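Everything below concerns the one structure shown next.
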Amino acid sequence: MIRLFVNVDHVATIREARKTTEPDPLAAALLAEAAGAHGITVHLREDRRHIQDHDVRRIISGINTPLNLEMAAVEEMVRLALEIRPYQVSLVPERRQEITTEGGLDVCSQEAHLKAICLRVREKGIRYSLFIDPDPRQVDAAVRVEAESMEINTGLYSEQKEPAAIARELDRIRCAARAGAERGLRVFAGHGLTCDNVVAIAAIPEIEELNIGHHVISRSVFVGLDRSVREMMESIDKGVRKRPAGISKN
Ligand code: PXP
C-alpha cells in the first residue's frame, strides 16, 4: 500500500472565507486519520491564504500520524520548520498571484540555496522532499542537492483530456520515477489527483507516497470526509494491484 497524505488546506480555505473558526483543519485531519490516511499535509503559504501558523502548531501536536509541511524555500519558512520540526518538509515554488502551485521547483537554477536548506533541515532530523516536474534534469539536480525524496508534480498529467496526451504525461512520470529511484531518491507524487486518475499513478512501482487534497476535500462535501478518504484509498489500492510483480517499492 502507498502512504496517503491528505492535504487539509481547503478546509482552512472555507474557514478563511469568513475569517471564523469553522471548519477546523485539525478536526479534518483527525477524521482523515481515522479513515486510514497515513499522514497529513499542509501548505503554509507566504500569503497565509488558507493554513495559518497556529494551524500548523495545533495540527502537529494534535495528530497521530506524520505531518508533511509544504512551504516555499524562504528563510521565514525554514526557521518555522526548524522550530516546529514536522516529519517532513516539502519545498514548493510559490507565486502570490497563482491559484494553486503551478509547477515544480526549478532545482537546477538554485542548487546551492536548496542544498543549504537541506543541510539545515536534515540536521534537525526532518525529512526533505522537493516538488519537481517529471523532467530528468530536475531529477539529476535533486540528487545533487542531496534531497532524500522527490515529489513528482502530476498537475500536467491530471489536466489532460486526450488519451494520447494522458499516455505521454504518464510516460514522463514513469521515467522520472524510475530515474529518481535508481539514483536513491524516494519517490512521491501529487497534484490534481482524483479517484479516477490516481489509479495509473499508484500503479507506478517506485511511488511510495501520494499527497492529495482538493479532490478528497471537494468530495467530502457530498459524502463526508471519512467516505471520501476511504474511496481514495480504494482507488490507490486498485492501482497498486496493477503493479508489475516483483519490483514494487512497497
Ligand atoms: N503536492 C503539492 C506540492 C502541492 O502543492 C499540492 C497542493 O497544495 C498537492 C500535492 C495536492 O494537490 P491537490 O490539492 O490538487 O490534490
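General remarks:
- Residue match in the stretch 131-141 (condition: buried (at least 23 other Cβ atoms within 10 Å of the Cβ), within 15 Å of the ligand (Cβ to nearest atom), closer than 30 Å to ASN64 by Cα and modelled with pLDDT of 95 or more): yes
- Criterion: at pLDDT 95 or above, under 29 Å from ILE117 (Cα atoms) and either surrounded by fewer than 24 Cβ atoms within 10 Å (Cβ to Cβ) or in contact with a Cys (Cβ under 8 Å, 6 or more places away or on another chain) (or both) - qualifying residue of GLU169, GLU162, GLU231, GLU148: GLU148
- Tabulated pairs, the stretch 161-182, first closer than 13 Å to ALA200 by Cα, second open to solvent by 70 Å² or more (accessible area, probe 1.4 Å) and modelled with pLDDT of 95 or more, C-beta under 7 angstrom, 6+ apart or interchain: GLU169/LEU156
- Count of residues meeting criterion [open to solvent by 30 Å² or more (accessible area, probe 1.4 Å), over 16 Å from LEU170 (Cβ atoms) and within 8 Å of the ligand (Cβ to nearest atom)] in the stretch 187-222: 2
- Taking the criterion of being farther than 24 Å from ARG79 by Cβ and either of a type in the set (A, V, I, L, M) or not in a helix (DSSP H, G or I) (or both), the residues of the stretch 128-143 that qualify are ASP133, PRO134, ASP135, VAL139, ALA141, VAL143.
- The stretch 29-79, residues that are among the acidic types (Asp, Glu), under 15 Å from ASP9 (Cβ atoms) and modelled with pLDDT of 95 or more: ASP53, ASP55, GLU70
Residue-wise test of (1) closer than 18 Å to ASP140 by Cα; (2) open to solvent by 10 Å² or more (accessible area, probe 1.4 Å).
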position: ASN64; (1), (2): no, yes
position: GLU70; (1), (2): no, yes
position: ALA73; (1), (2): no, yes
position: ARG79; (1), (2): no, yes
position: LEU91; (1), (2): yes, no
position: ARG95; (1), (2): no, yes
position: LYS115; (1), (2): yes, yes
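- Scanning the stretch 97-113 for residues that are crowded, with 17+ Cβ neighbours inside 10 Å and of a type in the set (Val, Ile, Thr), we see that the one that is modelled with the lowest pLDDT is THR101.
- Taken as a whole, the condition of being away from the ligand (no atom under 13 Å from the Cβ) and either crowded, with 23+ Cβ neighbours inside 10 Å or of a type outside the set (Val, Ile, Thr) (or both) applies to ARG243.
- Test for GLY125: is it of a type in the set (Gly, Ala, Ser), at pLDDT 95 or above, in contact with a strand residue (DSSP E or B) (Cβ under 8 Å, 6 or more places away or on another chain) and part of a loop (DSSP other than H, G, I, E, B): no
The values are calculated or read from the model by the stated rules, or taken from the named source; none is laboratory data. It should be emphasised that the depicted structure is a prediction, and the values quoted were computed from it without experimental measurement. When we count neighbours, we look across all protein chains shown, and the Cβ atoms used for this are built from the backbone with ideal geometry, even at glycine. Note: areas computed on protein heavy atoms with side chains; ligands, DNA, RNA excluded. Shrake-Rupley method; radii C 1.70, N 1.55, O 1.52, S 1.80 Å.
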